[in-house]
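First the structure, in the form of structure tokens, and then the observations on it.
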Amino acid sequence: MREDLNLTGTHLGCEHGVCGACTVSVDGEPARSCLTFAATCEGARVVTIEGFDDDELMGELRAAFNREHALQCGFCTPGMLVTARDLALRLPEADERRVRVALAGNLAAAPATWASHRRSCLSSRIEGREGSRR
Ligand code: FES
């Protein structure tokens, strides 16, 4: 994806399925691209972070990450966002503990960044709920 398609938003970190930097969406579910054989994606809809440019929920999450200063170096951010989007869709009422568990599979180098990711997810979902009541 990075070299042949120039979709450089997806990062390669551990290459062992641990860090989550390579997370993309495969048929609507987060998947570690470092552990996914291309052949198993035949006919699947694979979406990298670039593919979410026009996605409203991803826009809300990006704004929340920016507002909560959850970016720092940005290496883990695309994978975090893909995972956070899935969480927001599957468990829109998730509390902080559930957000923490859901994001535990995406590692960030800086603890402050990690805390900001959690705040961002919660913040985005709270705004989304308020927006849906309007
Ligand atoms: S590169 Fe770390 S999980 Fe894929």
* Asked: Using alpha carbon centroids, what distance separates the range 17-33 and the range 42-95, in Å?
  -> 12
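Calculated FRET efficiency, E42 and A104, Cβ-Cβ r, R0 22 Å, to nearest 0.05?
Working: r = 31 Å, r/R0 = 1.39.
E between E42 and A104, to the nearest 0.05, is 0.10.
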* To do: Neighbouring Cβ atoms within 10 Å as the yardstick, rank D55, D27, D4, D86 fewest first.
  => D4, D27, D55, D86
* To do: Would you mind putting 72-78, 33-39, 100-106 in packing order, based on average other-beta-carbon counts within 10 Å, highest first?
  => 72-78, 100-106, 33-39
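Just so you know, all these numbers are worked out from the coordinates, no wet-lab data involved. Because the structure is predicted, anything quoted here is derived from the model rather than measured. Because the Cβ atoms are built from the backbone with ideal geometry, glycine has one as well, and the counts that use them run over all protein chains shown.
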